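Here's the structure we're looking at; comments come further down.
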């Protein structure tokens, strides 16, 4: 027994030789009984194991499928926003001249005015639903010119305002009152303020407070109907 053990290079104490011999016999029996060695995983050139499907595809000369790539989510289209411009007295006169012959709605507001913010959806709806050939809308912001980038533009983006905004903080309130045809009113600069004028620039109605839903439509509709009626 000792010679057999030494022949295989095993070094065990005599007291434990029988245990080593038993292990050796079991190992030899396993080999002699025809047990196939465990299959080794096929690997690619990078040493990564392939699946059975990959091996079969390679044997048939098929190309390996390219790894799936995540498709980036489409970006939501940005809502069309109006421009913001600083308007002095001369610029306002020019804008009003371009709006002659149309029903005119003028809204004065500011980003710090809570009632102005509350009524803004009404003017957004008016601007989108109006006939631009019949109704003109003039949005005048009383915000300071230096706050355009930090207040006015972010406000327009957050509220998705589709109409252009004119910042008129440099225009004298008395001159502005004359320009928009509000001489007959008691308006002295309070916000919000809204004025509706007919095609002949006659003041029809004004609000020195928040406009309520439906009020603008009720005021403008008869003006359009009278303009389209035969003489």
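Data overview
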quantity: Some residue of region 154-164 being at pLDDT 95 or above, surrounded by fewer than 19 Cβ atoms within 10 Å (Cβ to Cβ) and farther than 20 Å from residue 128 by Cβ; calculated: yes
quantity: Search result, residues across region 122-142 that are assigned to a helix (DSSP H, G or I) and in contact (Cβ under 8 Å) with a residue 12 or more places away in the chain; calculated: 122, 123, 124, 126, 127, 128
quantity: Residue within region 71-82 that is at pLDDT 55 or above, within 32 Å of the chain's Cα centre (by Cα), within 30 Å of residue 162 (Cβ to Cβ) and surrounded by 10 or more Cβ atoms within 10 Å (Cβ to Cβ) present; calculated: yes
quantity: Selection status of residue 92, over 26 Å from the mean Cα position of the chain (by Cα) and in a strand (DSSP E or B); calculated: no
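The values are calculated or read from the model by the stated rules, or taken from the named source; none is laboratory data. All values reported here derive from a predicted model rather than from experimental measurement. Methodologically, a virtual Cβ is constructed for each residue, glycine included, from the backbone with ideal geometry; neighbour enumeration extends over all protein chains shown.
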